[in-house]
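Structure record follows, encoded as structure tokens.
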Amino acid sequence: MSRNEKRIGVLTGGGDCPGLNGVIRAVTKTAQNEYGATVLGIEDGFEGLVEGRAHELSHREVSGILGLGGTILGSSNKGDPWHYPVEASGGQIEIHDVAFKAIRNFQRWRLDCLVAIGGDGTMQIARRLQDAGVPIVGVPKTIDNDVPGTDVTFGFDSAVSVVCEAIDRLATTASSHHRVMVVEVMGRYAGWIALMGGVSGGADLILIPEIAFTWECVFRKVNERQTQGKRFTMICVAEGAKLPDGTQVIQQIDPRRTDAKRLGGVGAQIAQQIESATGHETRVTVLGHLQRGGPPTSADRVLATRYGAAASRHACQGQGGIMVALRHGSIIALPLAEATGALRTVNPDHDLVSAARAVGTSFGDA
Ligand code: F6P
């Protein structure tokens, strides 16, 4: 290896989403084509960095993967080097600080920079690694669209298109059977998927964490549609929507995860309340990981390519400590500190909320 040869690493952290392979492809091809650089693919997110699992990515390995869902590198949401789950001799899980192993592997692989593709958890880890002397370029990924500093994350558009199609399909059967149909979507603490998916599917009610709803308003909307002769109601609820008592429905707490809380189940509770209060037959569908699987939309393939090429150039030029982002249509780079602030949630005054209200969609609050 010549001393001038650039060597960069790439990893995908946190929950997967459509478009990850498009970024890996763009990072690798840009580094190889424009800088003659070597790209190391680190396996299973930060787990691979801690455990020393990586391999060199060839042009061939990253060819033909733009439309492929998932990530060829594997991912994990249990790989925070400062909060690393280790099985003790008695079989119980202990949480250890193993950041030194991650730093040692970065040095052992003689990397100049690391491209970390992930959501807010990955950006927090990236920032700590950067502070510890590991140059990092972040790429904002997640179906939740909640990473601060960017107008949009890749993966979001693909998830919204799944929700839109699901609501279209569920509406025809809801209409035939005169039912209330509750569709629970992902998004964690942000309501972007429910808002965009619900508006694109023409949902009658959209319930999101950022707008408190009351049972009276929800029941009134369902009954109102009946009296108007519209004998079915479509409700799109975000998994993080808060029940009127202010609580979120948690499916599981797993201390090994970067975020211990796994949300889920709010849709079933809403369906049960509606059926018993209004007497209208109600069904619930949880879209779950369908929103994360399968091929990316064309918009996500384009965004993944733009993000990946930009991130690769910064990494090959040794410009770490940043995250690439989309602002007003252009790709920019911002300090990791700006990408690790408060989550980017839906502003209740967002024009899409008011447009939805204008066409008669209720948010359960009025
Ligand atoms: O952050 C992406 C996401 O899909 C969230 O919308 C959801 O709450 C979570 O990940 C689910 O995580 P898991 O795949 O670990 O169940």
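The values are calculated or read from the model by the stated rules, or taken from the named source; none is laboratory data. These numbers were taken from a predicted model, which means no experiment stands behind them. Note: ideal-geometry Cβ built from the backbone for every residue, glycine included; neighbour counts use all protein chains shown. Accessible surface is based on the protein model in full, side chains and every heavy atom, while ligands, DNA and RNA are left aside. Shrake-Rupley method; radii C 1.70, N 1.55, O 1.52, S 1.80 Å.
Only loop residues by DSSP count here, and only those with at most 13 other Cβ atoms within 10 Å; note down the trypsin sites (Lys or Arg not before Pro) in region 29-85 that meet that. Write down the numbers at each step before the final one.
Values: sites: Lys29, Arg53, Arg60, Lys78; in loops: Arg53, Arg60, Lys78.
Those satisfying the criteria are Arg60.
Ile253: net charge of surrounding residues, Cβ under 14 Å, Lys/Arg +1, Asp/Glu -1, itself excluded?
Net local charge, Ile253 excluded: +3.
In a Debye calculation with equal point scatterers on the alpha-carbon sites of region 225-366 and no solvent, what is log10 I(q)/I(0) at q = 0.11, 0.16, 0.20 Å⁻¹?
Debye output, listed in q order: -0.70, -1.21, -1.38.
Per the Cauchy relation, a quarter of the hull surface: what is the mean projected area of the convex hull of the alpha carbons in the chain, in nm²?
Averaged projected hull area, Cα only: 19.4 nm².
What do you get for GluC sites (Glu not before Pro) in region 2-57 restricted to DSSP loop and a cutoff of at most 13 other Cβ within 10 Å of the site's Cβ?
Taking region 2-57 and a limit of 13 other Cβ atoms within 10 Å, the loop GluC sites (Glu not before Pro) found are Glu5.
Based on DSSP, what percent of beta bridges with both residues in the chain are antiparallel, to the nearest 5? Present the calculation step by step, with values, prior to reporting the outcome.
Working: 16 of 48 bridges.
In the chain, approximately 35 percent of DSSP beta bridges are antiparallel ones.
So, counting K/R as plus one and D/E as minus one, what does the shell of residues with Cβ under 12 Å around Phe106 add up to?
So the environment of Phe106 carries a net charge of +4.
Could you report region 211-252's accessible area per residue, 1.4 Å probe, as an integer in Å²?
48 Å²
What fraction of the Cα pairs in region 9-103, stated in percent, has a spacing above 18 angstrom?
Of the Cα pairs, 50 percent sit more than 18 Å apart.
Rounded to the nearest percent, how much of the accessible area of region 51-152 (1.4 Å probe, protein heavy atoms only) is carbon and sulfur? Working shown, then result.
On the way: 1990 of 4340 Å².
After summing per-atom areas, the C and S share lands at 46 percent.
Which of the trypsin sites (Lys or Arg not before Pro) found in region 235-294 are in a DSSP loop and have at most 10 neighbouring Cβ atoms, other than their own, within 10 Å?
Passing sites in region 235-294 do not exist.
Taking a threshold of 26 Å on the Cα-Cα distance, which of the pairs Lys29/Lys101; Lys6/Lys78; Lys141/Lys261; Lys78/Lys141; Lys78/Lys101 fall above it?
Details: Lys29/Lys101 28 Å; Lys6/Lys78 30 Å; Lys141/Lys261 19 Å; Lys78/Lys141 17 Å; Lys78/Lys101 15 Å.
Among Lys29/Lys101; Lys6/Lys78; Lys141/Lys261; Lys78/Lys141; Lys78/Lys101, the Cα-Cα distance tops 26 Å for Lys29/Lys101; Lys6/Lys78.
How much length is gained if the chain between Glu56 and Gln251 is pulled fully straight, taking 0.36 nm per residue apart and subtracting their Cα-Cα distance, in nm to one decimal?
Extra length from Glu56 to Gln251 when fully extended: 66.3 nm.
Give the carbon-plus-sulfur fraction of the accessible surface of region 278-366 in %, rounded to a whole number; probe 1.4 Å, heavy atoms of protein chains only.
So the carbon and sulfur contribution to the accessible surface is 55 percent.
Tell me, how many Å apart are the Cα centres for region 202-270 and for region 9-83?
Using only Cα atoms to place each centre, the spacing works out to 35 Å.
Rounded to the nearest whole Å², what accessible area per residue is found for region 1-112 with the 1.4 Å probe?
For region 1-112, the per-residue accessible area is 45 Å².
Over region 179-232, what is the relative contact order in whole percent, taking alpha-carbon pairs under 8 Å and six or more residues apart?
Details: 32 pairs, mean separation 17.9, N = 54.
33 percent.
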